[in-house]
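Down below is the structure, laid out as structure tokens.
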Amino acid sequence: MKKIITYGTFDMFHQGHYNILKRAKDYGDYLIVGVTGENYDIGRGKLSVHDTLATRIENVKNTGLVDEIIVEEYLGQKIGDIIKYDIDSFVIGDDWVGKFDHLSRYCNMVYLERTKGISSTKLREETFEKYDIGIITDEIDDNELVKEAKLVNGFEVKNVYCDSEKTLNGFQEKYNIENVFDDYGKMIEASDIVFVRCSIEKRFNYIRQALESGKHVIYDSPATFKSSELEELLDLSKEKNVILMENIKMVHIYVFNQLLWMTQGGLIGDILSFNCSISKNDESRSNLFYDLSALSLLPMLKIMGQNYEKADFKVTKDGEEIEFASMNFVYPNGRAVINVGNVVRVDNQLEIIGTKGTIRMRGNWWRSKNFSLHKPGEIDAELYNTNFEGNGFKYLIKAMSTMLKNNSIDSMGVFEDESLKIVEILEQVKKTDDNTL
Ligand code: C2G
């Protein structure tokens, strides 16, 4: 019996898929199809898969051509499958010519001509709703957002507004944006989603105006210095039934959710200590301290909870800007320390100590691809990682796309009470700060 294997995502199953399966089957007697798992596709950058794994499997099965279906879950699985299933030939479309030649050591490699004129990408483009993003920025650097947004089907940064003409034109030219606006209201009108990406002092008004016009909003966090203002924005987003989403990419990154699962699920025992440090030197943004703090407070609130008994803040200023702050929180069974350096340099790191293990993220933990788990009595650390290109913004857009598809305005990454708590804490820090003036 001649055994054949082929692989694919088989998203929005079409004639091209049918043809390759048919020809693969004709090549032998027994056909095994590996359908890609969701995580595997995300890992290899295929973010816009439309159908669920169950649907894709069902569609492959319904061809009646396939003898066995397996799920492809990780890079490098193919070699193991070929050996395990005693495969004679590996068949794949000629868009992959040369890419799998190394497998010819294990079995016969066959590249078959692809069906012309049809593809999942084309079908997805026709199916996905289009969302034009308009960005209000005061920086010339886009932190990859234009490129990353485009990786999610249907999304594109089409409009930009800035109150400095020089930055506006520079941004448009650098990132090839279709439309520039010198009137914020007009930009809101032209966009489905408004991304408020500027210093904290200006955010509240810009966000409010976009929400009032019934647009979805992504904003650099925190939205404001005042919790009453954030409450107003949250109420407004509900009233208008639109999404209000913080630009905190970390919560949409797989590895961070693994970390949360471990800490919240008790896998490292009771949490005794949460310690994190962050510093950045970005002169283009005023009050950067608050942005860095919001980013650090979020994991603390998620891991340690919100019921701390006492908090104290030590704030050091240089003129108007906070240079450094140490925020200490006493919880019933543990303690959290967050050190934020704006100009003052501290090493970026995050450490969570539990009774059954310690988790560490070194370097830029807010966009980390990995963490290590150190268990008492074990010499080697366990490493957890996921690879992805870029800074994670595409995962945030992907989350937004899911929310839009499901018609849900509840942000999955940052909960409302967490957003509010962050602003409440920062409000207190600001008071400390004002008192030290
Ligand atoms: N295909 C085709 N003609 C088309 C479109 C796709 O012959 N018009 C073939 C592809 O060449 C591939 C199979 O259909 O052999 C599945 O295609 P996709 O769903 O796009 O999956 P792909 O990303 O190519 O997965 O491990 C995954 C595999 O390596 C390939």
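The values are calculated or read from the model by the stated rules, or taken from the named source; none is laboratory data. None of the values given here were measured: they were computed from a predicted structure. Every residue, glycine as well, gets a Cβ built from its backbone with ideal geometry; the counts of neighbours run over all protein chains shown. Quick note on the areas: whole protein, heavy atoms, side chains included, nothing else; ligands and nucleic acids left out. Shrake-Rupley method; radii C 1.70, N 1.55, O 1.52, S 1.80 Å.
Figures for the structure shown
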read-out	value
Some residue of segment 318-338 being over 18 Å from residue 253 (Cβ atoms), free of Cβ contacts under 8 Å to residues at least 40 places away in the same chain and among the aliphatic types (A, V, I, L, M)	yes
Any hit, segment 13-33, residues being open to solvent by less than 10 Å² (accessible area, probe 1.4 Å), assigned by TED's automatic domain parsing to the domain that holds residue 93, polar (S, T, N, Q) and within 9 Å of the ligand (Cβ to nearest atom)	no
Residues (more than 8 Å from the ligand (Cβ to nearest atom) and farther than 17 Å from residue 4 by Cβ) located in segment 100-120	101, 102, 105
Top-ranked residue of segment 34-55 - restricted to ones that are within 10 Å of the ligand (Cβ to nearest atom) and hydrophobic (A, V, I, L, M, F, W, C), ranked as nearest to residue 82 (Cα to Cα)	35
Cβ pairs under 7 Å, 6+ apart, first in segment 102-127 and within 30 Å of residue 50 (Cβ to Cβ), second open to solvent by 70 Å² or more (accessible area, probe 1.4 Å) and within 11 Å of the ligand (Cβ to nearest atom)	111/96; 111/97; 112/23; 114/95; 115/15; 118/15
Residue check for residue 4: within 24 Å of the chain's Cα centre (by Cα) and more than 8 Å from the ligand (Cβ to nearest atom)	no
Total residues in segment 229-253, condition touching a helix residue (DSSP H, G or I) at 6+ places or on another chain (Cβ under 9 Å) and outside any loop (DSSP other than H, G, I, E, B)	17
Condition check for residue 110: touching a Ser or Thr at 6+ places or on another chain (Cβ under 7 Å) and either at positive phi or not in a loop (DSSP other than H, G, I, E, B) (or both)	yes
Residues satisfying the stated conditions in segment 301-311, i.e. open to solvent by less than 80 Å² (accessible area, probe 1.4 Å) and either part of a strand (DSSP E or B) or not assigned by TED's automatic domain parsing to the domain that holds residue 290 (or both)	311
Helices (runs of 4 or more DSSP H) contained in segment 115-197 and holding at least 1 residues in contact with a Phe, Trp or Tyr (Cβ under 6 Å, 6 or more places away or on another chain), among the acidic types (Asp, Glu) and under 20 Å from residue 244 (Cα atoms)	145-150
The listed residue being part of a loop (DSSP other than H, G, I, E, B), open to solvent by less than 10 Å² (accessible area, probe 1.4 Å) and under 24 Å from residue 360 (Cβ atoms), out of 278, 268	268
Any hit, segment 430-437, residues being buried (at least 19 other Cβ atoms within 10 Å of the Cβ), touching a residue at least 60 places away in the same chain (Cβ under 8 Å) and either part of a loop (DSSP other than H, G, I, E, B) or among the hydroxyl-bearing types (Ser, Thr, Tyr) (or both)	no
Residues (surrounded by 21 or more Cβ atoms within 10 Å (Cβ to Cβ), out of contact with any helix residue (DSSP H, G or I) (no Cβ under 6 Å at 6 or more places or on another chain) and under 28 Å from residue 289 (Cβ atoms)) located in segment 169-196	171, 193, 195
Residue that is farthest from residue 243 (Cα to Cα) [pool: residues in segment 378-396 that are at pLDDT below 90 and open to solvent by 50 Å² or more (accessible area, probe 1.4 Å)]	385
Per-region count, segment 67-118, residues of a type in the set (A, V, I, L, M) and open to solvent by 30 Å² or more (accessible area, probe 1.4 Å)	8
Strands (runs of 3 or more DSSP E) (entirely within segment 312-407) containing at least 2 residues that are under 26 Å from the mean Cα position of the chain (by Cα)	335-342, 349-354, 357-362, 370-374, 382-385
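Listed here are the residues, each with its yes/no results for (1) polar (S, T, N, Q); (2) farther than 14 Å from residue 276 by Cα; (3) modelled with pLDDT under 95; (4) in contact with a His (Cβ under 8 Å, 6 or more places away or on another chain).
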site	(1), (2), (3), (4)
293	yes, no, no, no
302	no, no, no, no
305	no, yes, no, no
311	no, yes, no, no
330	no, yes, no, no
351	no, no, no, no
362	no, no, yes, no
